[in-house]
Amino acid sequence: MPVGNGRGGRGRRVPAEEHENHERWLVSYADMITVLMALFIVLYAMSQVDESKYQELKQSLRAGFGERGAMIHNSSSVLDGPGQTALSAIVPVNELDTLTTEERVIVDNAVARTDQLRRQRQEAEVRREADRLAEILRRLREALRRHDLEEDVRTSIDHRGLVLSLVSRHVVFDADLATLTARGRLVVDTLAPVLRDLPDPLQIDGHTNQVDVKPRYFPSDWDLSAARAITVLRHLHESGGVPNDRMAATAYGMEKPLVDPRRRGSQQINKRVDIVVLTSLPPETRALLDEIGVRHSMSAANQGGTS
């Protein structure tokens, strides 16, 4: 088809080529951001929400709906006039208050339900751990019973786990000494086989009584309690075969009596070493052992003896 002969002839014009719109991706990108925002709001509502986090969510929602003044906080406007948000509100302000109230009811209900479900899961987890500790306690008491040593060990459960207090009415340690007596060695040797087979870490706590007299062979009660804890730790490892990497020693001196120091006979009991079978529960759940695990496990374990 002729378009001109280059000599001034008038040919037919070729239509201009339509240019491709290179900014169409912005539409898809905006849709993706909107969907992501909705996803994160839903995930947030399903998670644990406290009051401060809820306030942050509310402010974010207000900003997202274009509440007047929500887009700029204590800053100057990009416009030449007085500072105001550059976006008009998506919904009228008077209707936004109603929407926020409805959102609060929905979020509060979701938070309450989430807290209830979390509490139920934690209680179930604590009961399983309490049952496990009760089974360990049953095995330990059975071993002690075979050697007539039940009265030499007091047992309890707290947020740390299962606590075995070597109090020994026949004395585990002589006065001012950190060397196990023959009775003390028998107690530790009886506990060791059960403790050796456990996967749990052990904490060995040394304690002295509250007699206001400086130890004869140690600079202070702290040194004496530390030496007693180390003595039990070493005996568990060297004679009982409990791995070293599962044990740690701690000293408390006279600061944590087991019974009231004013009580008759308390000095023999408070002079002790505690072997703590540390629980594997996470920190936020351990506190429930005090209010749930103790009652649950001790009621089962005490069927076979006294603590």
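Quick query: amide H of MET254 versus all other amide H atoms, modeled in the peptide plane; which residues come in under 5 Å with a sequence gap of 5 or more or a different chain?
Under 5 Å from the amide H of MET254 lie the amide H atoms of THR208, each far enough along the sequence or on another chain.
Sort 206-212, 244-250 by packing, meaning the average of other beta carbons within 10 Å per residue, with the highest value first.
206-212, 244-250
Ranked from highest to lowest mean number of other Cβ atoms within 10 Å per residue, what is the order of the peptides 229-236, 140-147?
Order by mean packing, descending: 229-236, 140-147.
Under unit Cβ charges (Lys, Arg +1; Asp, Glu -1), what dipole magnitude, rounded to 20 debye, does the range 176-267 have relative to its Cα centre? Intermediate results must be reported in sequence, preceding the final value.
On the way: 12 positive and 12 negative charges, 70 e Å.
That gives the range 176-267 a dipole magnitude of about 340 debye.
Identify, among ILE230, VAL171, ALA192, the residue whose Cα sits farthest towards the positive end of the charge dipole of the range 162-278, taking +1 on the Cβ of Lys and Arg and -1 on the Cβ of Asp and Glu, with the dipole about the Cα centre.
The one lying farthest along the dipole's positive direction is VAL171.
So how strong a dipole does the range 128-217 carry about its Cα centre when Lys and Arg Cβ are +1 and Asp and Glu Cβ are -1, to the nearest 20 debye?
Charge dipole, the range 128-217, about its Cα centre: 100 debye, nearest 20.
If R0 is 22 Å, what FRET efficiency do you get for ARG216 and SER156 from their C-beta distance, rounded to 0.05?
0.10
Sorted by packing (mean other beta-carbon atoms within 10 Å per residue), highest first, where do 181-191, 106-116 land?
Answer by packing, highest mean first, reads 181-191, 106-116.
In the neighborhood of GLN203, defined by Cβ-to-Cβ distances under 11 Å, what is the net charge if each Lys or Arg adds +1 and each Asp or Glu adds -1?
-1
Every number here is computed from the coordinates shown, using simple stated rules; none is lab data. Quantities reported herein were computed from a predicted structural model and do not represent experimental measurements. Using ideal geometry, Cβ is built from the backbone for each residue, glycine included, and neighbour counts are taken over all protein chains shown.
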